[in-house]
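*Asks:* Please find one structure pasted underneath; my questions will follow.
No lab work stands behind these numbers, since they all come straight from the coordinates. None of the values given here were measured: they were computed from a predicted structure. Cβ sites come from the backbone with ideal geometry, for glycine too, and all protein chains shown count toward neighbours.
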Amino acid sequence: MGVDLERDLKQYGMCSGHEPDSAEFSTLGGWISTRASGMKKNTYGNIEDIVCNVNYITPAGTYSKNALWPRISNGPDINNIVMGSEGNFGLITEAVIKVKPLPEVRIFDSIIFPDFELGIQFMHAVSKFNRYPTSCRLVDNS
């Protein structure tokens, strides 16, 4: 499960940084097979950015890339077929992912805008900076 993965990595001062809304109910294999995006993708990337290798069991046999680095320059990368396949071709049994050090500082905050249009303007202004929050959402509760 995603929360178990992050808990175990935290013991080593590391994190995957991938945090989909379903993290407490989903698995790393599920993230890969659904090509999941996480709330912290601005800093850590989406699942396809952190997966280096998968072991994939199909009715015809087992697949695993020989090279653990994320990109090879010859032929198609089967990882791109596995990601987002939603189990249609087989099952993911193992994965190698990139991990990163835990952030030194974590700040959580909220801003309430008087109207949605001002919130859109704020999000547009944030997108113009070279540095931006790991996660930033605009929600209309009306």
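*Asks:* Run the simple label-point estimate for LEU102 and ASN130 please: 7 Å along Cα→C-beta, distance reported in nm.
*Replies:* 3.0
*Asks:* Step through the residues of segment 40-56 one at a time and calculate ³J(HN,Hα) from phi using the Karplus curve (6.51 cos²θ - 1.76 cosθ + 1.60, θ = phi - 60°), rounding each to whole Hz and writing x for Gly and Pro.
*Replies:* 9, 5, 4, 9, 9, x, 7, 4, 5, 7, 10, 7, 9, 7, 9, 9, 10
*Asks:* SER142 versus ASP4, label points 7 Å from Cα toward the beta carbon: distance in nm?
*Replies:* Taking the two extended label points, one gets 4.5 nm.
*Asks:* Give the separation of the Cα centroids, segment 117-142 to segment 1-59, in Å.
*Replies:* Measuring centre to centre over Cα atoms gives 25 Å.
*Asks:* Something else about it: Which of ALA95, ALA60, ALA23 ends up with the largest GNM mean-square fluctuation for the chain, with Cα atoms connected below 10 Å?
*Replies:* In this elastic network of the chain, the residue with the biggest mean-square fluctuation among ALA95, ALA60, ALA23 is ALA60.
*Asks:* In what order do LYS98, LYS65, LYS128 fall by count of nearby beta-carbon atoms within 10 Å, going from fewest to most?
*Replies:* Fewest to most other Cβ atoms nearby, the residues stand as LYS128, LYS98, LYS65.
*Asks:* Taking θ = phi - 60°, what integer Hz values does the Karplus form 6.51 cos²θ - 1.76 cosθ + 1.60 yield along segment 119-127, in sequence order, with x for Gly and Pro?
*Replies:* Each residue's phi maps through the Karplus curve to give x, 4, 4, 4, 4, 5, 5, 4, 5 Hz.
*Asks:* ILE97's amide H: which non-local residues (gap 5+, or another chain) put their own amide H closer than 5 Å, with H modeled 1.01 Å from N in plane and none for Pro or chain starts?
*Replies:* CYS52
*Asks:* HN-Hα J couplings of segment 16-32 from phi, Karplus 6.51/-1.76/1.60, θ = phi - 60°, integer Hz, Gly and Pro as x?
*Replies:* The phi angles translate into 7, x, 7, 9, x, 4, 8, 3, 6, 10, 10, 10, 4, x, x, 4, 5 Hz.
*Asks:* List the relative contact order of segment 25-142 as a percent without decimals, with contacts defined as Cα pairs under 8 Å and 6+ residues apart. Kindly include the intermediate steps, with their values, before the conclusion.
*Replies:* Values: 123 pairs, mean separation 37.3, N = 118.
Relative contact order, segment 25-142: 32 percent.
*Asks:* Listing ILE81, ILE97, ILE57, ILE50 from the residue with the fewest other Cβ atoms within 10 Å to the one with the most, what is the order?
*Replies:* Details: ILE81 12, ILE97 20, ILE57 15, ILE50 23.
With the fewest neighbours first, ILE81, ILE97, ILE57, ILE50 line up as ILE81, ILE57, ILE97, ILE50.
*Asks:* Additional query: Collect residues whose amide H, placed 1.01 Å from N in the peptide plane, falls under 5 Å from the amide H of GLY90; neighbours closer than 5 in sequence don't count.
*Replies:* The answer is none.
*Asks:* Is there a quick way to get the dipole size of segment 2-101? I mean about its Cα centre, with the Cβ of Lys and Arg at +1 and of Asp and Glu at -1; what is the value in debye to the nearest 20? All intermediate terms of the calculation are to be shown ahead of the outcome.
*Replies:* Values: 9 positive and 11 negative charges, 65 e Å.
That gives a dipole near 320 debye.
*Asks:* Separate question: Among THR43, THR34, rank each residue by its count of other Cβ atoms within 10 Å, from fewest to most, as a rough exposure measure.
*Replies:* Numbers: THR43 13, THR34 17.
In order of increasing Cβ crowding within 10 Å: THR43, THR34.
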